[in-house]
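The values are calculated or read from the model by the stated rules, or taken from the named source; none is laboratory data. Everything quoted here is computed from the prediction, not taken from an experiment. A quick note on method: Cβ atoms are made from the backbone with ideal geometry, for glycine too, and the neighbour counts reach across all protein chains shown. Quick note on the areas: whole protein, heavy atoms, side chains included, nothing else; ligands and nucleic acids left out. Shrake-Rupley method; radii C 1.70, N 1.55, O 1.52, S 1.80 Å.
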Amino acid sequence: FVGQVIWCLAHTLWIGNSVAVAASVGLIGHHAFGVWNGDRRLASRYGEAFDVLKKRTSVVPFAAIVDGRQKLPDDYYKEFIRLPYITIVALTLGAYFAHPLMQAASYRLPW
């Protein structure tokens with residue numbers, strides 16, 4: 001939900017028209033309902049266990065870690081050392097550094 005709100009705010013500010021505002025309001029509303037309904041269903045299903053979980057977590061990224069309600073394991077970085085993540089980083093950096101080559105090639109196009 002937080003990521004969707006950040007995405008919507010950034011795109012609304014970037015595009016800056018009424019369609020972007022309407023789309024952002026709709027997307028944020030959709031995700032807000034999803035969060036509310038999901039929490040309601042989980043509370044109904046798991047009761048006290050879900051309340052305990054809610055007290056240990058936060059909707060604000062990393063707030064529970066800063067507050068001391070959660071602790072990262074010592075080897076948390078191993079989560080990111082996986083082939084898909086390494087591939088995406090390598091392809092992203094490759095595309096970034098290849099931009100001058102792509103621009104030069106597009107300049108030579110006859111149309």
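Condition check ((1) without any contact (Cβ under 8 Å) to a residue 12 or more places away in the chain; (2) within 23 Å of residue 7 (Cβ to Cβ); (3) outside the structural domain of residue 12 (by the TED database); (4) surrounded by 11 or more Cβ atoms within 10 Å (Cβ to Cβ)) across all residues:
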{"position": "31", "(1), (2), (3), (4)": "no, yes, no, yes"}
{"position": "58", "(1), (2), (3), (4)": "yes, yes, no, yes"}
{"position": "63", "(1), (2), (3), (4)": "yes, yes, no, yes"}
{"position": "77", "(1), (2), (3), (4)": "yes, no, yes, no"}
{"position": "84", "(1), (2), (3), (4)": "yes, yes, yes, no"}
{"position": "97", "(1), (2), (3), (4)": "yes, no, yes, no"}
{"position": "103", "(1), (2), (3), (4)": "yes, no, yes, no"}
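Being open to solvent by less than 100 Å² (accessible area, probe 1.4 Å), closer than 28 Å to residue 5 by Cβ, not charged (D, E, K, R) and not assigned by the TED database to the domain that holds residue 31 is the requirement here; does residue 92 meet it? In short, yes.
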